[in-house]
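Taking it in order: structure first as structure tokens, then the write-up.
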Amino acid sequence: MATIVNPSLLSSKSAFSIAEEIAKSDSKYIRKPKSFAPASLLLVATPQYANDLYSAVAEHNHPFSIYGAIVDVTSPGSRRDGLSYIWTSNPIALDKDKSMTLEESRAIDSNKISTDYTARGRYISKGGQNWSLSRLYLSLGFNGGENSIKLQAANTIFETGVEGILVGKSSGEDVQLYNTMNLVMPMTIAIERAKETESLLQVLENKGWKLGEGADVDMYITSAKDNIIKTINGKAASSFLETSLAASLFLEVPPPMKTPFGKTDDGFNQKSRTVYAVLDDKSRYRVIAGGGGWGARAGMLVLDPEATIHEGSRIQFLVSAKHDTQSELDNGSGDNTTIFFECVAPIELLEEAETIGDKDASTMDGVFGAGSENRFFIDNKKYDVYGESCIAVIKNE
């Protein structure tokens with residue numbers, strides 16, 4: 001197993017080819033194990049390799065099963081130009097009961113759209129029909145299926161014309177694109193550490209919003225529907241953020257005490273914040289829209305589509321601390337083979353991606369990792385705050 005940093009810089013003569021490197025018996029980059037005959041190969045790569053990865057899995061015959069996923073970054077280090085792979089001596093098993101092909105997912109979505117016009121989510125109008133951008137997930141089961149790590153895949157609609165690339169091909173079977181690809185990994189791992197969320201979020205304090213007598217009055221949802229909060233304590237829901245968030249992020253003078261908000265003239269400070277709503281059952285959701293504009297919707301807040309909101313629930317808002325677009329994860333336990341997963345800040349412009357990371361190609365042996373701009377899960381616990389990460393050590397295969 002290894003992670004290749006900047007494969008695009010490995011050769012000036014020809015473009016790096018995943019398929020060609022797998023086919024080589026003596027590849028210097030995707031190196032075949034010498035101590036065992038490989039039964040399976042799992043590859044993850046960043047979006048610029050989407051077509052190459054698909055071709056390597058789908059259009060070539062291999063004496064082993066092969067699975068590939070396109071992710072936002074490879075880890076450690078949030079690499080925007082990267083490839084990570086792991087060979088196994090025992091077969092990686094596709095859990096067909098928990099996996100769903102892209103074709104099956106589209107059929108379900110199409111049926112939902114035609115019968116349920118109140119379905120929630122972000123929809124795009126195309127030719128008079130609404131359709132939703134799917135969330136694709138790579139799920140890896142470990143420890144005999146007792147533990148799982150699930151990562152949201154990268155959006156590849158512009159590179160490939162499909163929402164994402166989760167592709168698999170077992171010996172003797174046809175290639176498949178998946179919406180959810182659930183793989184049972186033939187290995188035992190121990191999660192060594194997970195970065196504490198508390199250090200990445202700060203309570204958004206009341207900055208002038210009149211809740212009642214005193215500034216520490218609890219906030220309760222007084223009107224809501226689906227994933228939309230209409231009012232808090234009888235007032236327009238967005239008005240709390242419009243006052244308190246603005247006061248925290250756009251201070252006219254430097255704050256009197258140390259805060260994570262940085263300089264007041266920091267442009268990055270404005271776009272890098274993410275706001276979360278925590279309900280009284282401890283569930284946490286991103287605030288994805290709200291405030292501004294005119295009409296009744298101007299005062300509403302929209303949470304993640306999967307949010308379940310009940311009127312009368314207590315609510316608290318958290319704001320993410322300033323984060324870097326490249327993580328500082330180390331190699332964990334040194335000589336041990338190590339797996340990394342992380343949630344990273346999104347890159348909005350190509351110019352930003354070009355300024356991040358090393359300028360030379362290199363290979364990190366004994367590490368495998370991937371990151372998402374959206375979220376990953378350890379078992380059923382969600383990690384969607386930029387900077388959250390986990391490191392696991394492989395005990396045996």
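Compare Met100, Met219 by solvent-accessible area with a 1.4 Å probe and give them largest first, with all protein chains kept in place.
Numbers: Met100 60, Met219 20 Å².
Greatest to least solvent exposure: Met100, Met219.
Starting from the eigenvalues of the Cα gyration tensor, five times each then square-rooted, give me the equivalent ellipsoid semi-axes of segment 1-55, largest first, whole Å. Provide the component values of the computation, followed by the final result.
Details: eigenvalues 77, 36, 22 Å².
That gives 20, 13, 10 Å for the three semi-axes.
Along the Cα→Cβ direction, 7 angstrom out, place labels at Gln316 and Val217. What is the inter-label distance in nm?
Inter-label distance under the simple model: 1.9 nm.
Using the Cα gyration tensor of segment 16-102, with a ≥ b ≥ c the square roots of its eigenvalues, what is the shape: rounded (a/c below 1.5), prolate (a/b larger than b/c) or oblate (neither)?
Rounded, since a/c falls under 1.5.
Tell me, in nm to one decimal, what length is gained between Ala289 and Ser89 on full extension, where the rule is 0.36 nm per residue of separation less the Cα-Cα distance?
Length gained, Ala289 through Ser89: 67.3 nm.
Would you please give the FRET efficiency between Ser14 and Ile157, computed as 1/(1 + (r/R0)^6) with r the Cβ-Cβ distance and R0 = 30 Å, to the nearest 0.05?
With R0 = 30 Å, the Cβ-Cβ based efficiency is 0.65.
Any idea of Ser170's accessible area? Nearest 10 Å², probe 1.4 Å.
Solvent-accessible area, nearest 10 Å²: 30 Å².
Excluding ligands and nucleic acids, what accessible area in Å² is computed for Lys98 using a 1.4 Å probe, to the nearest 10?
Only protein atoms counted, so the area is about 130 Å².
Give me the distance in nm between label points sitting 7 Å out from Cα along the Cα-to-Cβ direction at Val203 and Glu173, one decimal.
For Val203 paired with Glu173, the spin-label model returns 5.0 nm.
Once amide H atoms are built 1.01 Å from N in the peptide plane, which residues 5 or more positions from Ser148, or in another chain, come under 5 Å H to H?
Here the answer is Phe142, Asp379, since their amide H atoms fall under 5 Å of that of Ser148.
Which FRET efficiency value, to the nearest 0.05, do you get for Asn51 and Lys96 by plugging their Cβ-Cβ distance into 1/(1 + (r/R0)^6) with R0 = 35 Å? It would help to have the intermediate numbers written out before the result.
Values: r = 26 Å, r/R0 = 0.75.
Plugging the Cβ-Cβ distance into 1/(1 + (r/R0)^6) gives 0.85.
The values are calculated or read from the model by the stated rules, or taken from the named source; none is laboratory data. Please read these numbers as outputs of a predicted model, since none were measured by experiment. Note: ideal-geometry Cβ built from the backbone for every residue, glycine included; neighbour counts use all protein chains shown. The accessibility values were calculated without ligands, DNA or RNA, using every heavy atom of the protein model including side chains. Shrake-Rupley method; radii C 1.70, N 1.55, O 1.52, S 1.80 Å.
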